[in-house]
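Have a look at the structure below before the remarks.
The values are calculated or read from the model by the stated rules, or taken from the named source; none is laboratory data. The structure displayed is predicted, hence computed values, not measured ones. Virtual Cβ from ideal backbone geometry, glycine too; neighbours counted across all protein chains shown.
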């Protein structure tokens with residue numbers, strides 16, 4: 001067995017010579033030291049953003065085995081995010097520390113109004129069902145120009161410029177994507193725009209962000225397989241302004257934010273008069289974060305959500321929340337953190353939330369951890385008020401609550417080798433789902449009762465030095481949900497992957513980089529499938545040439561019932577950065 005391993009590694013590293021003994025020398029790995037976090041976290045790093053193949057920022061989430069990104073179409077057109085069996089309405093998504101969930105419907109929550117030049121990293125907090133998109137800080141100078149073309153008349157252009165204004169650092173980014181689509185009525189045109197400004201003056205910091213995304217697309221069978229010529233037009237604007245103070249005894253951040261989302265949906269683009277819905281939602285918010293030097297923190301938040309819709313009508317609701325707790329601290333070999341809070345929602349009254357994290361470090365390279373999260377979510381405006389020939393909302397829906405538990409470990413026996421694993425349980429009650437008892441019935445939004453989700457994650461990773469094969473990472477998640485529902489048919493909750501395996505093989509041959517990614521999924525009610533994505537890249541001074549392909553073997557599959565998965569799609573890009 002030992003000789004077989006030696007021969008395999010010798011084959012992968014032919015240019016560095018063959019030896020009867022192979023030594024894996026320590027190198028720097030992104031996970032080489034266990035972080036002092038008591039929650040299971042998947043991180044999409046800046047290196048991942050550079051090396052992985054993707055056509056939108058949202059698609060990076062699918063390279064975690066704990067997530068299930070159900071695409072109706074690629075390039076960020078529309079994706080539903082599931083984390084350990086949650087549905088797309090449950091995930092909590094933040095940008096720059098501010099919640100950006102869409103109150104109309106969770107279908108729109110993952111419309112991130114940024115370009116790849118604006119993103120630093122993504123953290124996926126699996127037990128908290130939270131995704132945090134972190135902004136890259138502007139620089140004093142620098143420019144990125146990138147152009148791509150590919151199959152199905154794909155054309156992409158990106159420009160991002162960093163520049164100073166007085167004492168501030170600024171970045172302006174604009175992006176355009178257009179394609180006829182890989183199947184009929186999936187054509188699209190996308191514009192992304194962002195402006196990010198950061199000013200530091202002694203112990204004061206002023207930050208401003210404006211992000212915008214406009215997406216016009218054919219929506220073949222997005223919401224009903226009976227209508228193959230659906231069409232949708234999305235327009236989102238997001239503003240954030242933050243004033244930070246860093247004093248001797250405390251840190252204070254005051255943030256104001258605003259999100260406007262417009263949605264025009266046409267049931268049949270060949271006959272717009274048949275049914276056209278226009279929805280506009282607004283979210284206004286103020287957030288205050290106060291951290292004391294002894295690591296005690298408090299957060300105050302006031303938020304108002306509004307909608308003006310031809311189908312849902314006009315509605316508004318307000319939420320006021322307070323959260324207090326203790327940042328993660330270490331006492332000897334023990335780690336601990338705790339937080340608790342309450343929100344007052346104008347329609348549902350007081351709602352509690354909280355978190356407890358515990359950790360133990362018996363060795364410097366080994367950590368045991370436990371986390372508990374108490375979560376809730378309010379119904380979306382669509383779940384409350386939507387009505388058409390096939391679906392009916394329910395204005396009497398109650399709040400969904402869950403208790404989430406995670407017990408796991410992180411082990412890094414060598415600097416080049418690491419493994420993380422967790423067992424998890426989610427006990428959810430008053431679960432919100434769209435259900436019916438007979439195929440001829442309308443889909444009805446309802447609180448369907450108790451749902452338990454439990455499973456296991458395992459994520460080993462190894463890196464090599466002086467080898468063509470630089471990295472192997474594997475993520476495996478097993479998940480199962482009980483089905484204690486009085487309804488015969490469920491639209492969302494019980495459509496999940498029982499098994500998911502995500503692998504990444506990273507290669508480097510004389511500066512030619514390659515990453516081969518596989519995604520294996522075994523859904524409970526659809527056939528299993530495996531897809532492969534590939535990125536090849538070469539840097540030539542200030543230029544970078546890359547070839548990217550998704551589903552390179554053109555596997556036929558479904559991520560959502562009656563909607564075909566993405567066909568094989570290649571694109572070639574040239575980037576110039578200075």
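Would you please list the contacts, defined by Cβ atoms under 6 Å and residues six or more apart or on different chains, that run from a residue in segment 249-264 that is farther than 25 Å from residue 306 by Cβ to a residue that is surrounded by fewer than 18 Cβ atoms within 10 Å (Cβ to Cβ)?
Cβ pairs passing all conditions: 249/293; 250/292; 251/291; 252/245; 252/290; 253/244.
What is the number of the single condition among (1) touching a strand residue (DSSP E or B) at 6+ places or on another chain (Cβ under 8 Å); (2) surrounded by fewer than 18 Cβ atoms within 10 Å (Cβ to Cβ); (3) within 23 Å of residue 294 (Cα to Cα) that residue 366 does not meet?
Looking at each condition in turn, residue 366 falls short on (3).
Which residue, of 423, 462, is assigned to a strand (DSSP E or B) and at pLDDT 95 or above?
Working: 462 fails: at pLDDT 95 or above.
Among 423, 462, only 423 is assigned to a strand (DSSP E or B) and at pLDDT 95 or above.
Looking only at strands (runs of 3 or more DSSP E) that fall completely inside segment 504-578, which ones have 1 or more residues that are buried (at least 17 other Cβ atoms within 10 Å of the Cβ), on the phi < 0 side of the Ramachandran plot and in contact with a helix residue (DSSP H, G or I) (Cβ under 8 Å, 6 or more places away or on another chain)? Working first, answer last.
Values: elements: 512-523, 529-540, 543-550, 558-560, 569-577.
Hits in segment 504-578: 512-523, 529-540.
Do any strands (runs of 3 or more DSSP E) entirely within segment 126-234 hold 3 or more residues that are within 24 Å of residue 257 (Cβ to Cβ), and if so, which? Working first, answer last.
Details: elements: 130-135, 142-150, 154-165, 168-179, 188-201, 204-218.
Filter on segment 126-234 gives 130-135, 154-165, 168-179, 188-201, 204-218.
Please state which one of 285, 244 is surrounded by 14 or more Cβ atoms within 10 Å (Cβ to Cβ), out of contact with any helix residue (DSSP H, G or I) (no Cβ under 8 Å at 6 or more places or on another chain) and farther than 21 Å from residue 353 by Cβ. I'd like the intermediate steps shown before the answer.
Numbers: 285 fails: farther than 21 Å from residue 353 by Cβ.
The unique qualifying residue is 244.
Could you look through segment 256-279, keep only residues that are assigned to a loop (DSSP other than H, G, I, E, B) and touching a strand residue (DSSP E or B) at 6+ places or on another chain (Cβ under 6 Å), and pick out the one that is nearest to residue 224 (Cα to Cα)? Full working, then the answer.
Taking segment 256-279 first, the residues assigned to a loop (DSSP other than H, G, I, E, B) are 267-275.
Applying the additional criterion that residues be touching a strand residue (DSSP E or B) at 6+ places or on another chain (Cβ under 6 Å) yields 269, 272.
Numbers: 269: 14, 272: 16 Å.
By that ranking, first place goes to 269.
Residue-wise test of (1) in contact (Cβ under 8 Å) with a residue 40 or more places away in the chain; (2) over 22 Å from residue 490 (Cα atoms); (3) surrounded by fewer than 24 Cβ atoms within 10 Å (Cβ to Cβ).
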position	(1), (2), (3)
51	yes, yes, yes
68	yes, no, no
98	yes, yes, yes
101	no, yes, yes
109	no, no, no
127	yes, yes, no
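One residue is enough: does segment 470-483 have a residue meeting the conditions free of Cβ contacts under 8 Å to residues at least 24 places away in the same chain and under 19 Å from residue 63 (Cα atoms)?
Yes, segment 470-483 has at least one match.
How do the pairs read when you match residues in segment 389-417 that are free of Cβ contacts under 8 Å to residues at least 12 places away in the same chain with residues anywhere that are surrounded by 19 or more Cβ atoms within 10 Å (Cβ to Cβ) and not in a strand (DSSP E or B), using Cβ under 6 Å and keeping only pairs 6 or more apart or on different chains?
395/384
Does segment 364-378 contain at least one residue that is more than 20 Å from residue 40 (Cα to Cα) and part of a strand (DSSP E or B)?
Taking every residue of segment 364-378 in turn, at least one turns out to be more than 20 Å from residue 40 (Cα to Cα) and part of a strand (DSSP E or B).
Restricting the search to segment 101-125, which residues are over 14 Å from residue 211 (Cα atoms) and assigned to a strand (DSSP E or B)?
Across segment 101-125, the qualifying residues are 120, 121, 122, 123, 124, 125.
Consider residue 282 carefully, then state whether it is touching a residue at least 40 places away in the same chain (Cβ under 8 Å), more than 22 Å from residue 401 (Cβ to Cβ) and in contact with a strand residue (DSSP E or B) (Cβ under 8 Å, 6 or more places away or on another chain).
Working: touching a residue at least 40 places away in the same chain (Cβ under 8 Å): no; more than 22 Å from residue 401 (Cβ to Cβ): yes; in contact with a strand residue (DSSP E or B) (Cβ under 8 Å, 6 or more places away or on another chain): yes.
Spelling it out, it is not the case that residue 282 is touching a residue at least 40 places away in the same chain (Cβ under 8 Å), more than 22 Å from residue 401 (Cβ to Cβ) and in contact with a strand residue (DSSP E or B) (Cβ under 8 Å, 6 or more places away or on another chain).
Would you mention how many residues in segment 554-577 are modelled with pLDDT of 90 or more and touching a strand residue (DSSP E or B) at 6+ places or on another chain (Cβ under 6 Å)?
Of the residues in that region, 11 qualify.
Return the total of residues in segment 540-578 being within 15 Å of residue 150 (Cβ to Cβ) and without any contact (Cβ under 8 Å) to a residue 24 or more places away in the chain. Spell out how you get there, then give the answer.
Keep residues of segment 540-578 that are within 15 Å of residue 150 (Cβ to Cβ), which gives 545-552, 554, 566-575.
Subset that is without any contact (Cβ under 8 Å) to a residue 24 or more places away in the chain: 551-552, 554.
Total satisfying the criteria: 3.
I'd like the residue in segment 465-486 that is more than 30 Å from residue 51 (Cα to Cα) and buried (at least 17 other Cβ atoms within 10 Å of the Cβ) and, out of all such residues, is modelled with the lowest pLDDT. Break it down stepwise before answering.
In the first step, residues of segment 465-486 are kept if they are more than 30 Å from residue 51 (Cα to Cα); the result is 480-486.
Then drop every residue that is not buried (at least 17 other Cβ atoms within 10 Å of the Cβ), which leaves 481, 485.
Values: 481: 93, 485: 73.
Filtering first and then ranking leaves 485.
Being assigned to a strand (DSSP E or B), farther than 20 Å from residue 500 by Cα and either out of contact with any strand residue (DSSP E or B) (no Cβ under 7 Å at 6 or more places or on another chain) or touching a residue at least 24 places away in the same chain (Cβ under 8 Å) (or both) is the requirement here; does residue 433 meet it?
Details: assigned to a strand (DSSP E or B): yes; farther than 20 Å from residue 500 by Cα: yes; either out of contact with any strand residue (DSSP E or B) (no Cβ under 7 Å at 6 or more places or on another chain) or touching a residue at least 24 places away in the same chain (Cβ under 8 Å) (or both): yes.
Against the criterion (assigned to a strand (DSSP E or B), farther than 20 Å from residue 500 by Cα and either out of contact with any strand residue (DSSP E or B) (no Cβ under 7 Å at 6 or more places or on another chain) or touching a residue at least 24 places away in the same chain (Cβ under 8 Å) (or both)), residue 433 qualifies.
Applying the selection to segment 320-333, what residues are at pLDDT 95 or above and surrounded by fewer than 17 Cβ atoms within 10 Å (Cβ to Cβ)?
320, 322, 324
It is to be established whether one or more residues within segment 267-279 are under 24 Å from the mean Cα position of the chain (by Cα) and surrounded by fewer than 16 Cβ atoms within 10 Å (Cβ to Cβ).
no
So residue 312 fits all but one of (1) under 27 Å from residue 226 (Cα atoms); (2) loosely packed, with under 15 Cβ neighbours inside 10 Å; what number is the exception?
(2)
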